[in-house]
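Visitor: Could you have a look at this structure, given as structure tokens, before my questions?
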Amino acid sequence: MDIQFPSFLKENDKVAIISPASKIDKTLLKGAIDRLSSWHLCPYLEKNASGAAGYYSGSIKERLSDFQHALDDKEVRAILCSRGGYGAIHLVERLDFTKFKESPKWLIGFSDITALHSLIQYNGYASLHAPMAKQLTVEPEDDLCSNYLKDILFGKLPDYHVEHHRLNHYGKAQGTLRGGNMSVFYGLRSTPYDIPAENTILFIEDVGERPHAIERMVYNLKLSGVLERLSGLIIGQFTEYEEDKELGKDLYGAIADLVKEYDYPICFNFPVGHVTDNRPLIEGAQIELNVDKKGVNLHFNV
Amino acid sequence: MYKLTINLKQLLIGLTALFILSSCSNCIMKPISKSVSKSCKFPPYLKEGDKVAIISPAGASDSIMLNGAVKCLKDWELSPCFEKYAAGVYNDYSGTTEQRLSDLQKAFDDPDVKAILCSRGGYGVIHLIDKINFTRFNRHPKWLIGYSDITALHSLIQHHSVASIHAPMSEQMAYEPDSDQSLNYLKNILFGKLPSYHITTDINNHPGKATGILRGGNLSVYYGLRGTPYDIPPKGTILFIEDVGEHYHTIERMLYNLKLGGVLENLSGLIIGQFSKIDKKEWMNDKDTYRSIANLLAEYHYPICFGFPVGHVTENYPLIEGAKIEMSINTNGVDIHYLK
């Protein structure tokens, strides 16, 4: 299935800000509004974006109604998820995409928002795995990744070049870019929203997971034949975990052992994840991935 | 001619629409395995003097646990023996993947071995799962005993249509008294005397009566096999789950996976075991873990039992994976018995 791009944005376009999972600090919402306004866009907060209900921004009903409202609004050209955390999974089966398909728009976010990216790809549209409100608030105006995000929204697609890593597999591949947070992507394994392996260049990142839990997920992808059917693999940043002796090797080493047998291009240490250098990636886009001794080039084919 | 072209066009449009419709209806169907749970073949029961191999297919065991297992099995008039690396240590594992594999394979292949006790779980069984040869095991099937990380081996053995025993391991054998109920149930099963379990009622239970094939184990480990050849077919299955030391949101995410993946709606019954050492965090508020799980399961009408004594606790009733059972839940409690 061909994935379609929503229209790119132009000045004064409306951008909805929602909090579909965890609650967020109001100063970060203000920062996101200021940054989007400085790009000459018109951001607004959905009703419960700054709400709080325990750990979440609102009840399932409240979070659902915000998201549905933003999806349905013809004037909204992009939806920024203020943050991840946990809770997007509650909404996955309850959203109606009828009106979205009449006026598709870009969804922006990462981490727990990965589940919503999978859902949007399932409905046939591309979306933006990219930094959220915190980065738009705390990083300076010249922040590399915020500016890549801005460029993409306005239709200027970047080329990424990243440094060589000793565990890389050399090669050149074309495929559909898909993925995101490993635990969240994995949470949709064998559901209708699971990522198809064929023609996919998969990217993964995670935060605060134990190495053996990551290894178990990679084993799952291996045992179920996902890994052998991929066109390429991008290993992003795995942060806030303890390298213990559980695996007897470091996490990248453990992943490298499991993917040793595949001859498609594989890139380690790509700048995507819970870090400042979190390059926006267009989920569902056709890309060319070229890995050689000089490094890695990722090019969007449009 | 013009008319014919139109008709052909219409036909083509019609066919395309049909094709799109049929492919759409395919894509909204949940990817349920077409297979239905079938009861597994029971290996022969044990008799006095039978050989029992002790292996450590995942984490390293200590000598107190291993010696305790030997003493317990000897008390049952069995002949336990250690495979080569059962007491080994390699990082957190008992041995390298090759060493653990060779122990397991040797125990599988030995026609004199009538049961295999996994000394403990931990993490590491997944390394062995696609590397084990079943040719000799299928000729001389034997009982595999263990739980927690061993859940992956149970799934593998059920994949080969043989039953196995989800049961306490060496730690319980070393530290619990001779009179320990769960261990005595294990002994009874090994010698062919299948128990019936009665447990007290729980406010979250769904009443009803079901027959089905008993399968499951540790939720994280079972979930680790979703979409692989070793995944559990939901149809005809009475699933049991337990877990230890997970975050509440991780458990909820796994249950959502089973819900969105169509597993839950296709089960014949569900047994919620012990969820111990759960990190609840602030979002739990006043709701307890079971209550939250119950909310997710509210829509299912088959019998569901909460708080079953299976998990990382002393009262860890042995369950025969792959066995056909009847589960009956009413205001008097829960009854489970094996159907021959």
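The values are calculated or read from the model by the stated rules, or taken from the named source; none is laboratory data. All values reported here derive from a predicted model rather than from experimental measurement. Virtual Cβ from ideal backbone geometry, glycine too; neighbours counted across all protein chains shown.
Visitor: Determine if the range B:57-71 includes at least one residue that is touching a Ser or Thr at 6+ places or on another chain (Cβ under 8 Å), within 14 Å of another protein chain (Cβ to nearest Cβ) and at positive phi.
Guide: no
Visitor: Every residue in the range B:192-204 that is crowded, with 16+ Cβ neighbours inside 10 Å and out of contact with any Gly (no Cβ under 6 Å at 6 or more places or on another chain), please.
Guide: B:L194, B:P195, B:Y197, B:N204 - these are the residues of the range B:192-204 that are crowded, with 16+ Cβ neighbours inside 10 Å and out of contact with any Gly (no Cβ under 6 Å at 6 or more places or on another chain).
Visitor: If you take the residues of the range B:269-289 that are part of a strand (DSSP E or B) and loosely packed, with under 15 Cβ neighbours inside 10 Å, which of them is modelled with the lowest pLDDT?
Guide: Within the range B:269-289, the match that is modelled with the lowest pLDDT is B:D279.
Visitor: When the residues of the range B:205-228 are narrowed to those that are within 14 Å of chain A (Cβ to nearest Cβ) and assigned to a loop (DSSP other than H, G, I, E, B), which ends up surrounded by the fewest Cβ atoms within 10 Å (Cβ to Cβ)?
Guide: Among those residues, the one meeting the criterion is B:G227.
Visitor: Output the residues belonging to the range A:76-102 that are over 19 Å from A:R189 (Cβ atoms), assigned to a loop (DSSP other than H, G, I, E, B) and of a type in the set (D, E, K, R).
Guide: Answer for the range A:76-102, where residues must be over 19 Å from A:R189 (Cβ atoms), assigned to a loop (DSSP other than H, G, I, E, B) and of a type in the set (D, E, K, R): A:R83, A:R94, A:D96.
Visitor: Here is a follow-up. Going through A:D159, A:D194 one at a time, which residue ends up being under 18 Å from the mean Cα position of the chain (by Cα), surrounded by fewer than 17 Cβ atoms within 10 Å (Cβ to Cβ) and either within 8 Å of chain B (Cβ to nearest Cβ) or modelled with pLDDT of 95 or more (or both)?
Guide: So the residue among A:D159, A:D194 that is under 18 Å from the mean Cα position of the chain (by Cα), surrounded by fewer than 17 Cβ atoms within 10 Å (Cβ to Cβ) and either within 8 Å of chain B (Cβ to nearest Cβ) or modelled with pLDDT of 95 or more (or both) is A:D159.
Visitor: Only residues in the range B:52-74 that are over 14 Å from B:P177 (Cα atoms) count as the first member; pair them with residues that are among the basic types (K, R) and assigned to a strand (DSSP E or B), Cβ under 7 angstrom, at least 6 apart or cross-chain, and list the lot.
Guide: Filtered contacts from the range B:52-74: B:V52/B:K114.
Visitor: Being buried (at least 22 other Cβ atoms within 10 Å of the Cβ) and either hydroxyl-bearing (S, T, Y) or closer than 20 Å to B:A60 by Cα (or both) is the filter here; which residues of the range B:173-191 pass it?
Guide: Selection gives B:M173 alone.
Visitor: Among the candidates A:D73, A:D13, A:D66, single out the residue that is touching a residue at least 40 places away in the same chain (Cβ under 8 Å) and touching a Cys at 6+ places or on another chain (Cβ under 8 Å).
Guide: A:D13
Visitor: Any residue at all in the range B:320-340 that is surrounded by fewer than 22 Cβ atoms within 10 Å (Cβ to Cβ), away from chain A (no Cβ under 14 Å), among the basic types (K, R) and part of a loop (DSSP other than H, G, I, E, B)?
Guide: yes
Visitor: Which members of the range B:233-245 meet the condition of being within 11 Å of another protein chain (Cβ to nearest Cβ) and either within 15 Å of B:I325 (Cβ to Cβ) or in contact with a Leu (Cβ under 8 Å, 6 or more places away or on another chain) (or both)?
Guide: B:P234
Visitor: Within the range A:83-94, is even one residue closer than 24 Å to A:D34 by Cα and more than 14 Å from chain B (Cβ to nearest Cβ)?
Guide: Yes: the range A:83-94 contains one or more residues that are closer than 24 Å to A:D34 by Cα and more than 14 Å from chain B (Cβ to nearest Cβ).
Visitor: Continuing with this model, one more query. Only one of B:A115, B:A87 is touching a strand residue (DSSP E or B) at 6+ places or on another chain (Cβ under 7 Å), in contact (Cβ under 8 Å) with a residue 24 or more places away in the chain, crowded, with 17+ Cβ neighbours inside 10 Å and more than 14 Å from chain A (Cβ to nearest Cβ). Can you tell me which?
Guide: Selected residue: B:A115, the only one of B:A115, B:A87 that is touching a strand residue (DSSP E or B) at 6+ places or on another chain (Cβ under 7 Å), in contact (Cβ under 8 Å) with a residue 24 or more places away in the chain, crowded, with 17+ Cβ neighbours inside 10 Å and more than 14 Å from chain A (Cβ to nearest Cβ).
Visitor: Search the range B:89-140 for residues being under 19 Å from the mean Cα position of the chain (by Cα) and assigned to a helix (DSSP H, G or I), and hand back the single one that is nearest to A:D250 (Cα to Cα).
Guide: Of everything passing the filter in the range B:89-140, B:H127 is nearest to A:D250 (Cα to Cα).
Visitor: If you check B:L260 against the conditions, is it of a type outside the set (V, I, T), farther than 29 Å from A:A53 by Cα and more than 18 Å from the chain's Cα centre (by Cα)?
Guide: Against the criterion (of a type outside the set (V, I, T), farther than 29 Å from A:A53 by Cα and more than 18 Å from the chain's Cα centre (by Cα)), B:L260 does not qualify.
Conditions (1) within 23 Å of A:I3 (Cα to Cα); (2) modelled with pLDDT under 95; (3) crowded, with 21+ Cβ neighbours inside 10 Å, marked per residue:
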{"position": "A:N181", "(1), (2), (3)": "yes, no, yes"}
{"position": "A:S190", "(1), (2), (3)": "yes, no, yes"}
{"position": "A:V226", "(1), (2), (3)": "yes, no, yes"}
{"position": "A:G248", "(1), (2), (3)": "no, yes, no"}
{"position": "A:G273", "(1), (2), (3)": "no, no, yes"}
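Visitor: Hey, can you tell me all the residues within the range A:64-99 that are buried (at least 23 other Cβ atoms within 10 Å of the Cβ) and more than 16 Å from the chain's Cα centre (by Cα)?
Guide: Selection gives A:D66, A:F67, A:A70, A:L71, A:R77.
Visitor: Additional query: Can you find even one residue in the range A:208-227 that is of a type in the set (D, E, K, R) and away from chain B (no Cβ under 11 Å)?
Guide: no
Visitor: Another one. Can you say whether B:S37 is crowded, with 17+ Cβ neighbours inside 10 Å, of a type in the set (S, T, Y), in a loop (DSSP other than H, G, I, E, B) and modelled with pLDDT under 95, as far as the supplied structure shows?
Guide: yes
Visitor: Let me ask something additional. Could you grab the pairs with beta carbons closer than 8 Å, sequence gap of 6+ or different chains, first residue in the range A:28-47 and part of a helix (DSSP H, G or I), second one among the basic types (K, R) and buried (at least 21 other Cβ atoms within 10 Å of the Cβ)?
Guide: Short answer, once both residue conditions are applied: A:L28/A:R83.
Visitor: If A:H169 satisfies every condition in (1) surrounded by fewer than 18 Cβ atoms within 10 Å (Cβ to Cβ); (2) within 30 Å of A:E93 (Cα to Cα); (3) in contact (Cβ under 8 Å) with a residue 40 or more places away in the chain but one, which is the exception?
Guide: (2)
Visitor: Can you name the number of the only condition in (1) assigned to a loop (DSSP other than H, G, I, E, B); (2) of a type outside the set (V, I, T); (3) over 11 Å from the mean Cα position of the chain (by Cα) that B:D231 fails?
Guide: (3)
Visitor: Identify the residue in the range B:244-267 that is assigned to a loop (DSSP other than H, G, I, E, B) and surrounded by fewer than 22 Cβ atoms within 10 Å (Cβ to Cβ) and, among all such residues, is modelled with the highest pLDDT.
Guide: Here the answer is B:G262.
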